[in-house]
Amino acid sequence: MKRQKKVLFGLLSLAICLSIVVTACGGSSNNTSGKADSKKQITLQVMSSTIVEKPAGTLEQELADEFMKQNPDIKIEFMGLSQNDAFTKIATLATGNQLPDIFLNTPDFYATANDMGITANLTELLGEDYINGFYPSILKEATIDDKLQYVPWFSTPIALIYRTDWFEAEGLTPPTTWDEFVTAAQKLTKDTDGDGSMDQYGFGMVGTNNGSGTYRFFPILHSFGASELMEDESGNWITQLDSPQAIEAFQFFGDLANKYKVVPPGAMQNAYADNVTLMANDKIGMVISGSHSIAGLIEKNPALEGKLAAVPIPKKEVHASNLSPFGFSIAETSKNKEAAVKYLKFLVEKDNAIHFFENTGRMPTRMEAGDDPKVQTPVYKGFVDAQQYAVPQAVVPFFSQVQAAVGTAYQTMLTGNNTDATKVANKAAEVVRLEIERNQK
């Protein structure tokens with residue numbers, strides 16, 4: 001009898017232990033909701049272009065390290081690449097069903113991503129109350145059909161950056177019109193060493209045919225009163241690239257290099273990084289760029305601290321700018337959506353956003369951070385002012401083709417003095433209209 005009791009007790013103990021083991025180990029195989037399971041290590045793959053930049057990449061890695069320290073069950077694994085290559089890569093990965101959990105997104109791509117059905121609905125994942133903490137103007141360029149496509153991490157409003165010490169030395173005031181701009185650029189273009197060749201230029205032009213180049217040309221086009229793509233009163237897409245205003249804008253852009261000669265040689269090949277280097281090395285006095293360029297210039301040349309400022313881009317008809325928000329989408333296919341949301345919220349927390357801004361010049365996207373005195377400084381006032389002139393980018397899946405057509409046009413204008421701006425503008429308009437027609441079928 002005693003032996004039977006011992007056997008029964010042993011079997012009961014074994015059953016309890018097995019029950020505990022099954023309970024502890026179960027559940028992970030049934031996680032079909034896309035939410036993170038906190039009982040096991042989660043790896044979040046993050047495709048980022050900023051991670052390969054300096055100093056942004058160093059700061060982004062520091063933020064990821066701190067997040068992992070606070071959340072030891074989540075590992076951040078970066079996939080770094082250039083932004084110019086990113087959207088082609090994302091489309092390729094999507095086709096093979098190999099998207100990372102999180103991937104970069106901007107107004108250049110979010111319509112395409114939405115049409116492909118690869119973005120999770122962040123309006124649902126984050127909630128309306130949280131989303132309302134972002135600047136409304138930024139949300140406009142991140143939302144389609146009431147669906148937030150990406151969490152805006154930062155914005156880089158575009159303005160005219162200039163050397164305050166050079167302007168003071170020449171008795172110049174910051175230009176508000178393009179005529180004043182040309183006058184200033186001509187005074188700043190000179191032969192400083194007396195060897196008969198210009199070695200200092202008034203303006204650093206980004207003439208490459210890519211997103212970086214069109215990012216800086218579109219505000220010029222808009223300032224002349226023309227649009228590359230807009231909706232008419234009936235809601236149909238139209239272009240004004242062959243309007244008199246656009247023709248004048250293309251001619252003006254070419255004249256800066258060929259007539260006024262206020263830009264360094266090789267404008268068609270000079271990318272953003274080249275112009276940062278030129279300005280840091282005291283070779284150019286003005287550049288059109290985003291707020292992030294201030295930090296980049298000072299990093300390359302600390303002596304520029306206190307010698308840089310910005311004003312809204314000069315106008316012919318109106319001032320113009322763009323916000324250029326940058327953020328991250330969560331892939332619809334991700335099985336770790338809850339962990340991904342947690343990470344993206346961490347990136348835009350006030351202290352993290354301000355720290356990132358102070359070291360990169362990239363503006364916070366949430367109102368509580370943007371109102372901080374550290375952001376509202378004289379150096380960045382021009383960018384703050386420029387935000388009121390922001391022109392939202394058209395939300396169409398073929399916008400990259402529009403960019404390419406415009407880039408081809410302004411590059412053609414840079415080739416020589418005898419280029420016919422009307423023919424160039426007509427060709428660009430023809431390409432865009434074909435894209436509009438193709439996408440309306």
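The values are calculated or read from the model by the stated rules, or taken from the named source; none is laboratory data. Since this is a predicted model, take the numbers as computed values, not measurements. Note: ideal-geometry Cβ built from the backbone for every residue, glycine included; neighbour counts use all protein chains shown.
Taking helices (runs of 4 or more DSSP H) that fall entirely within the range 190-302, which contain at least 3 residues that are hydroxyl-bearing (Ser, Thr, Tyr) and under 24 Å from the mean Cα position of the chain (by Cα)?
On the way: elements: 211-223, 244-258, 272-280, 292-300.
Answer list for the range 190-302: 211-223.
Residue-by-condition table, conditions (1) in contact with a Cys (Cβ under 7 Å, 6 or more places away or on another chain); (2) of a type outside the set (S, T, N, Q); (3) modelled with pLDDT under 95; (4) not assigned by TED's automatic domain parsing to the domain that holds Ser334:
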residue	(1), (2), (3), (4)
Gly27	no, yes, yes, yes
Ala56	no, yes, yes, no
Ile76	no, yes, no, no
Ala94	no, yes, no, no
Gln98	no, no, no, no
Tyr110	no, yes, yes, no
Ile118	no, yes, no, no
Leu125	no, yes, no, no
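Is it the case that the range 310-323 has a residue that's part of a helix (DSSP H, G or I) and either in the same structural domain as Tyr150 (by TED's automatic domain parsing) or more than 22 Å from the chain's Cα centre (by Cα) (or both)? Let's see the steps before the verdict.
Initially, the range 310-323 is screened for residues part of a helix (DSSP H, G or I), giving none.
Scanning the range 310-323, I find no residue that is part of a helix (DSSP H, G or I) and either in the same structural domain as Tyr150 (by TED's automatic domain parsing) or more than 22 Å from the chain's Cα centre (by Cα) (or both), so the answer is no.
What do you reckon, is Val348 touching a strand residue (DSSP E or B) at 6+ places or on another chain (Cβ under 6 Å), under 16 Å from Leu126 (Cβ atoms) and among the hydrophobic types (A, V, I, L, M, F, W, C)? Yes: the conditions hold for Val348. Within the range 135-150, the presence of at least one residue that is touching a residue at least 40 places away in the same chain (Cβ under 8 Å), among the aliphatic types (A, V, I, L, M) and out of contact with any Phe, Trp or Tyr (no Cβ under 9 Å at 6 or more places or on another chain) is confirmed.
If I filter the range 337-360 for residues that are at pLDDT 95 or above, under 21 Å from Ser223 (Cα atoms) and part of a loop (DSSP other than H, G, I, E, B), do I get at least one hit? No, the conditions are met nowhere in the range 337-360.
Is it true that Ala86 is within 25 Å of Thr143 (Cβ to Cβ) and not assigned by TED's automatic domain parsing to the domain that holds Ala273? If you could, list the steps in order and put the result at the bottom.
Numbers: within 25 Å of Thr143 (Cβ to Cβ): yes; not assigned by TED's automatic domain parsing to the domain that holds Ala273: yes.
Spelling it out, Ala86 is indeed within 25 Å of Thr143 (Cβ to Cβ) and not assigned by TED's automatic domain parsing to the domain that holds Ala273.
Considering the range 390-419, the residues that are more than 25 Å from Val318 (Cα to Cα) and either exposed (fewer than 15 other Cβ atoms within 10 Å of the Cβ) or touching a Pro at 6+ places or on another chain (Cβ under 8 Å) (or both) include one that is modelled with the highest pLDDT, namely Thr415.
Hey, can you tell me all the residues within the range 286-317 that are among the small types (Gly, Ala, Ser) and either under 16 Å from Phe181 (Cα atoms) or modelled with pLDDT under 95 (or both)? Break it down stepwise before answering.
Step one: list which residues in the range 286-317 are among the small types (Gly, Ala, Ser), which gives 289-291, 293, 295-296, 303, 306, 309-310.
Ser289, Gly290, Ser291, Ser293, Ala295, Gly296, Gly306, Ala309, Ala310, listed by residue number.
Scanning the range 277-305 for residues that are under 18 Å from Asp199 (Cβ atoms) and buried (at least 21 other Cβ atoms within 10 Å of the Cβ) yields a total of 5. Each residue in the range 409-441 was checked for being out of contact with any helix residue (DSSP H, G or I) (no Cβ under 7 Å at 6 or more places or on another chain), assigned to a helix (DSSP H, G or I) and under 24 Å from Pro265 (Cα atoms), and 1 pass.
Does Ala331 count as more than 20 Å from the chain's Cα centre (by Cα), within 30 Å of Ile74 (Cβ to Cβ) and surrounded by 24 or more Cβ atoms within 10 Å (Cβ to Cβ)? Let's see the steps before the verdict.
Working: more than 20 Å from the chain's Cα centre (by Cα): no; within 30 Å of Ile74 (Cβ to Cβ): yes; surrounded by 24 or more Cβ atoms within 10 Å (Cβ to Cβ): yes.
No: the conditions fail for Ala331.
Per-residue answers, yes or no, for (1) touching a residue at least 60 places away in the same chain (Cβ under 8 Å); (2) farther than 24 Å from Phe109 by Cβ; (3) among the polar types (S, T, N, Q):
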residue	(1), (2), (3)
Lys190	no, yes, no
Phe203	yes, yes, no
Leu229	yes, no, no
Leu241	yes, no, no
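I'm checking my understanding of the structure. Among residues of the range 59-76 that are touching a residue at least 12 places away in the same chain (Cβ under 8 Å) and under 21 Å from the mean Cα position of the chain (by Cα), which one is nearest to Leu44 (Cα to Cα)? Among them, the one singled out is Ala64. Identify all residues within the range 108-129 that are within 18 Å of Ser324 (Cα to Cα), out of contact with any strand residue (DSSP E or B) (no Cβ under 8 Å at 6 or more places or on another chain) and not charged (D, E, K, R); write none if there are none. Of everything in the range 108-129, those that are within 18 Å of Ser324 (Cα to Cα), out of contact with any strand residue (DSSP E or B) (no Cβ under 8 Å at 6 or more places or on another chain) and not charged (D, E, K, R) turn out to be Phe109, Thr112. Taking residues in the range 335-350 that are free of Cβ contacts under 8 Å to residues at least 24 places away in the same chain, and partners anywhere that are in a helix (DSSP H, G or I), the pairs with Cβ atoms closer than 9 Å and at least 6 places apart or on different chains are Glu349/Ala369; Lys350/Glu368; Lys350/Ala369. Among the listed residues Ala86, Ala120, which satisfies the condition of being in contact (Cβ under 8 Å) with a residue 24 or more places away in the chain and in contact with an Asp or Glu (Cβ under 7 Å, 6 or more places away or on another chain)? Exactly one residue qualifies, and that residue is Ala120. Of all residues in the range 386-402, those that are in a helix (DSSP H, G or I) and either over 12 Å from Ser227 (Cα atoms) or assigned by TED's automatic domain parsing to the domain that holds Tyr135 (or both) total 7. Looking only at residues in the range 189-210 that are surrounded by fewer than 21 Cβ atoms within 10 Å (Cβ to Cβ) and either among the aromatic types (Phe, Trp, Tyr) or closer than 21 Å to Val396 by Cα (or both), the one that is modelled with the lowest pLDDT is Asn210.
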